[in-house]
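A quick write-up on the structure given underneath.
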Amino acid sequence: MTRPSRAVVPTARYAPDPRVLRCVRQLALAGLALVMAWPAARGSSAWFGWMPLWLVGMPLAAWWALLRFPLPRWQRRRAQARRRVPHGAKLRAALLAVSLQRPA
């Protein structure tokens with residue numbers, strides 16, 4: 001039994017409504033612009049709490065939820081192969097080390 005792979009881009013069957021997606025994207029970008037441009041939007045309110053959470057964080061979370069929570073695909077770093085030393089070079093290095101240890 002094979003597992004279906006999780007696609008980064010939503011399939012056509014589960015694709016969100018483009019109008020809702022555009023609205024949420026515009027809300028997130030407008031909230032980001034508001035937080036960056038207006039210093040009062042970076043503060044806290046007694047009714048709403050921390051404003052950047054509601055102006056930026058929640059629209060971004062909604063955007064991510066509409067895309068069905070895709071996770072980024074990180075490229076694995078391959079382990080670099082060690083350079084192999086030829087067999088004769090090891091033997092010469094060992095003999096050289098022994099000859100350098102003897103007093104002449």
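Each reported figure results from applying straightforward, stated rules to the coordinates on display, with no laboratory input. Model, not experiment: these values are computed from the prediction. Cβ: placed from backbone, ideal geometry, glycine included. Neighbour counts: every protein chain shown.
Worth a mention:
- The phi torsions of region 58-72, fed into the Karplus equation with coefficients 6.51, -1.76 and 1.60 and a -60° offset, translate into couplings of 5, x, 5, 5, 5, 4, 5, 5, 5, 8, 6, 6, x, 9, x Hz, rounded to whole numbers, with Gly and Pro shown as x.
- Counting all C-alpha pairs of region 13-71, share separated by more than 18 Å (%): 39 percent
- Peptides ranked, highest mean first, by Cβ atoms within 10 Å: ranges 66-74, 48-56: 48-56, 66-74
- Annotation for Leu53 and Ala15: the two label points, set 7 Å from Cα along the Cα-Cβ direction, are 3.5 nm apart.
- Between Phe69 and Arg42, the FRET efficiency from the beta-carbon distance, with R0 = 35 Å, is close to 0.80.
- Value of relative contact order over region 13-71, rounded to a whole percent, pairs C-alpha under 8 Å and six or more apart: 39 percent
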